[in-house]
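Notes for the one structure printed next.
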Amino acid sequence: MSEPAVLSLPEPAPEERPVLVVDFGGQYSQLIARRVREARVYSELVPHTISADAVRARRPLALVLSGGPASVYADGAPRMDPALYELGIPMLGICYGMQLMALDRGGRVERTDTAEFGRADLRAERESELFTGLPDEQVGWMSHRDSVTAPPEGARVVAASAAAPISAFEDPAARLYGVQFHPEVVHTEYGQDVLKNFLYRVAEAPPAWTAAAVIEEETARIRAEVGSERVLCALSGGVDSAVAALLAYKAVGDQLTCVFVDHGFMRKDEAEQVVETFAGHFHVPLVHVDARERFLARLAGVSDPEEKRRRIGEEFIRVFEEEAGKLGAVRYLVQGTLYSDVIESGGSGEGVAATIKSHHNVGGLPEEMDLELVEPLRMLFKDEVRRVGEELGMPEKMVWRQPFPGPGLAIRIIGEVTEERLAILREADAVVQDEIRRAGLYRELWQSFAVLPAIRSVGVQGDERTYAYPIVIRAVTSDDAMTADWARLPYDVLEAISGRIINEIPGVNRVALDISSKPPATIEWE
Ligand code: XMP
């Protein structure tokens, strides 16, 4: 029998081979991939429908089967190509993944009376491969109704909880491993250690995936991709486009031109910081376009949030095209697309997440420009982008900047955007940033900012009645912006923010605090 062509390729070095996370639709699938990467092993999500041939072509060091919402017995429950078991690749099944493995390999899965949700006390066997070096009593975080009641043929049970006597099994000869608990969540005390045991001991994956390695790999890739052609990049001020631009600059030097369109909706001093960092510090060729008046004119009289976004997006494209046109022939465009965007837009083969707001990322550019995309962050999660940024020497303030929407302050003024309102909001936001940083809370919060609803209320200042704007403080904690909780800011921090905003900023006489979670509210007000 002739072998598939891929098998005749030279064997890649272990540090070049991924660990693939087979996604059965579990809420933690992405998190598993992140945890594997935190163990410094490169990892990617693949859909459960992937064929054994496609997996073999990727030469993975291991497969991790994720959890999932279905019961393995449900109609249409996701399965995987049975030929995957024949590849001899080490496999770790988590929750649903473990149950599927049991079902496929001669074990048994049943709906018992004892579902487990949340914390469970585990008794683990220290002589096993998964639990080597770990205490035999430990806490595992569970979320299952079905349980494995007989392990796969040849596998032995290596951990138990009261409700699930088979909480983990392993079969080193067949290279099959399963855990009912979720090693990827922080509530599982030794979860990361269990994963490391699997990765380092079982799969013999070297912990070689570091920021420095990513930089080397990506710059080589960019160089190979663009050759001697010219490259363009739109800087937004955010960490993603900044890191993507620096990687491109490191790869091709002056073949790159960055265009920074200042729409006037950035926070205080942010535009200056972009120019200072890129042109001043890194000497990246930078075109700085001051388009503040144009954008303000386009928003005159507009208060509908979607209409604002649309106009800003459109105007951005127009300005960018004008500037790019002046540069002559350019073939490539660098974009800071992240792995989570790739996954969300169906990159993992799953459905496209519902769009609640039209996110006009400034930097989303027209197809008519006919530029080929270079996306050096396509396989990176946000925290990894930050580590790469640090390694590249980007200033701390830029690397750790909280997410900031493309349309910026324009969607934090509820109502028409005017110069006066922008000036007030910019100052109020600066006070919030300042006090949050002073309190050491900046990195803990997903976002913290000020909102200006364009209404007025009555106040009294000195002996005079005032009729002025309120400022709303919005601060949230979140892992991924899909859900968020309002941050319990200390009273003294709130007091400092409120006191300073009211005393320092004319035109504001009231400060309120937004105490809504997402859902049902969103993080931004528009
Ligand atoms: P929401 O408000 O929907 O926001 O809870 C979720 C995350 O997305 C950011 N966001 C935007 N980012 N353009 C962007 O580039 C936008 O129009 C936009 N709207 C919201 C928001 O700051 C939060 O991090």
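The values are calculated or read from the model by the stated rules, or taken from the named source; none is laboratory data. From a predicted model like this one, the values you see are computed outputs, not experimental measurements. As a convention, Cβ positions derive from the backbone with ideal geometry for all residues, glycine included, and neighbour counts pool all protein chains shown. Protein only, heavy atoms only, side chains kept; ligands, DNA and RNA dropped before computing areas. Shrake-Rupley method; radii C 1.70, N 1.55, O 1.52, S 1.80 Å.
Summary table below
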{"quantity": "Any chance Glu110 is surrounded by fewer than 18 Cβ atoms within 10 Å (Cβ to Cβ) and either among the small types (Gly, Ala, Ser) or in a loop (DSSP other than H, G, I, E, B) (or both)", "calculated": "no"}
{"quantity": "Complete set of residues in segment 144-160 that are polar (S, T, N, Q) and either closer than 12 Å to Ala115 by Cβ or open to solvent by less than 10 Å² (accessible area, probe 1.4 Å) (or both)", "calculated": "Ser147"}
{"quantity": "Leading residue by the ranking (most open to solvent (accessible area, probe 1.4 Å)) among those in segment 31-77 that are of a type in the set (Lys, Arg) and in a loop (DSSP other than H, G, I, E, B)", "calculated": "Arg40"}
{"quantity": "Meets criteria (open to solvent by 10 Å² or more (accessible area, probe 1.4 Å) and modelled with pLDDT under 95) for Tyr28", "calculated": "yes"}
{"quantity": "Residue match in segment 421-428 (condition: assigned to a loop (DSSP other than H, G, I, E, B), open to solvent by 30 Å² or more (accessible area, probe 1.4 Å), more than 16 Å from the ligand (Cβ to nearest atom) and touching a residue at least 40 places away in the same chain (Cβ under 8 Å))", "calculated": "no"}
{"quantity": "Hits in segment 391-401 (condition: under 30 Å from Val451 (Cα atoms) and either more than 16 Å from the ligand (Cβ to nearest atom) or open to solvent by less than 10 Å² (accessible area, probe 1.4 Å) (or both))", "calculated": "Met394, Pro395, Glu396, Lys397, Met398, Val399"}
{"quantity": "Some residue of segment 309-319 being among the acidic types (Asp, Glu), without any contact (Cβ under 8 Å) to a residue 24 or more places away in the chain and part of a helix (DSSP H, G or I)", "calculated": "yes"}
{"quantity": "Residue in segment 511-526 that is nearest to the ligand (Cβ to nearest atom), counting only those that are charged (D, E, K, R) and under 17 Å from Leu422 (Cα atoms)", "calculated": "Glu524"}
{"quantity": "Of all residues in segment 470-500 being open to solvent by 60 Å² or more (accessible area, probe 1.4 Å) and either modelled with pLDDT under 95 or part of a loop (DSSP other than H, G, I, E, B) (or both), the one that is farthest from the ligand (Cβ to nearest atom)", "calculated": "Arg488"}
{"quantity": "Hey, Glu416 more than 12 Å from the ligand (Cβ to nearest atom), more than 29 Å from Gln30 (Cα to Cα) and assigned to a loop (DSSP other than H, G, I, E, B) or not", "calculated": "yes"}
{"quantity": "Residue count, segment 141-155 (criterion: part of a strand (DSSP E or B) and either under 21 Å from Arg201 (Cα atoms) or charged (D, E, K, R) (or both))", "calculated": "2"}
{"quantity": "Matching residues, segment 266-308, being more than 29 Å from Pro395 (Cβ to Cβ) and either open to solvent by less than 20 Å² (accessible area, probe 1.4 Å) or acidic (Asp, Glu) (or both)", "calculated": "Leu299, Val302, Asp304, Glu306, Glu307, Lys308"}
{"quantity": "Asp121 vs. criteria more than 32 Å from the chain's Cα centre (by Cα), loosely packed, with under 14 Cβ neighbours inside 10 Å and in the same structural domain as Pro151 (by TED's automatic domain parsing)", "calculated": "no"}
{"quantity": "Top-ranked residue of segment 156-193 - restricted to ones that are assigned to a loop (DSSP other than H, G, I, E, B) and of a type in the set (Phe, Trp, Tyr), ranked as farthest from Ser143 (Cα to Cα)", "calculated": "Tyr190"}
